[in-house]
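The values are calculated or read from the model by the stated rules, or taken from the named source; none is laboratory data. Since this is a predicted model, take the numbers as computed values, not measurements. Here Cβ is always computed from backbone atoms with ideal geometry, including for glycine, and neighbour counts include all displayed protein chains.
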Amino acid sequence: MILAVVTFRLPASTTREDAAAMFRQTAPLYAKLPGLVRKQYLYRALDTHVEAGGAYTWESRAAAEAGHGAEWLARVTAKYGAPPEVRFFDTPVSVDNTGASAVIAEHAPA
């Protein structure tokens with residue numbers, strides 16, 4: 001599994017509600033995207049700007065790189081007015097508390 005953390009800057013005046021509205025517009029683009037396990041949108045208000053982005057869980061590094069290719073980069077930059085920073089992390093172990101009981105899983109290198 002690969003975790004991609006994507007961040008970009010928005011104006012300080014961007015409220016959580018403003019960001020959520022922008023995120024809802026793009027969310028359908030990620031439904032059923034090959035190799036994408038989960039995406040969570042991020043919002044953090046700072047003194048000088050808003051840091052926004054997404055945390056993506058991918059099945060493999062190849063899927064992550066395909067999902068964050070040139071077309072995606074151009075779309076994100078145009079939508080939010082700033083180029084994103086993308087960082088990839090290998091996830092050797094994960095914990096999932098969404099079911100009736102917690103699942104702790106080990107993952108092979110992606």
Residue list for the stretch 1-51, filter: among the aliphatic types (A, V, I, L, M), more than 15 Å from Ala82 (Cβ to Cβ) and outside any strand (DSSP E or B)
Met1, Ala20, Ala21, Ala27, Leu29, Ala31, Leu33
Could you figure out which of (1) part of a loop (DSSP other than H, G, I, E, B); (2) at pLDDT 95 or above; (3) in contact with a Leu (Cβ under 8 Å, 6 or more places away or on another chain) isn't true of Gly54?
(1)
Mind checking which pairs have a first residue in the stretch 31-48 that is surrounded by 15 or more Cβ atoms within 10 Å (Cβ to Cβ) and a second that is part of a loop (DSSP other than H, G, I, E, B), Cβ under 6 Å, 6 or more apart or different chains?
Gly35/Glu59
In the stretch 57-78, the residues that are closer than 18 Å to Leu36 by Cβ, outside any loop (DSSP other than H, G, I, E, B) and within 15 Å of the chain's Cα centre (by Cα):
Thr57, Trp58, Arg61, Ala63, Ala64, Glu65, Ala66, Gly67, Trp72, Leu73, Arg75, Val76
Cβ-Cβ below 6 Å, separation at least six or inter-chain, first residue in the stretch 92-105 and polar (S, T, N, Q), second modelled with pLDDT of 90 or more and assigned to a strand (DSSP E or B): which pairs?
Ser94/Ala105
With the requirement that a residue be more than 30 Å from Leu10 (Cα to Cα), in contact with a Ser or Thr (Cβ under 9 Å, 6 or more places away or on another chain) and not hydrophobic (A, V, I, L, M, F, W, C), what does the stretch 61-110 give you?
Ser94, Glu106, His107
Glu17 is checked against (1) surrounded by 15 or more Cβ atoms within 10 Å (Cβ to Cβ); (2) at pLDDT 95 or above and fails just one. What number does that condition carry?
(1)
Evaluate the following for Val86: is it surrounded by 13 or more Cβ atoms within 10 Å (Cβ to Cβ) and in a strand (DSSP E or B)?
yes
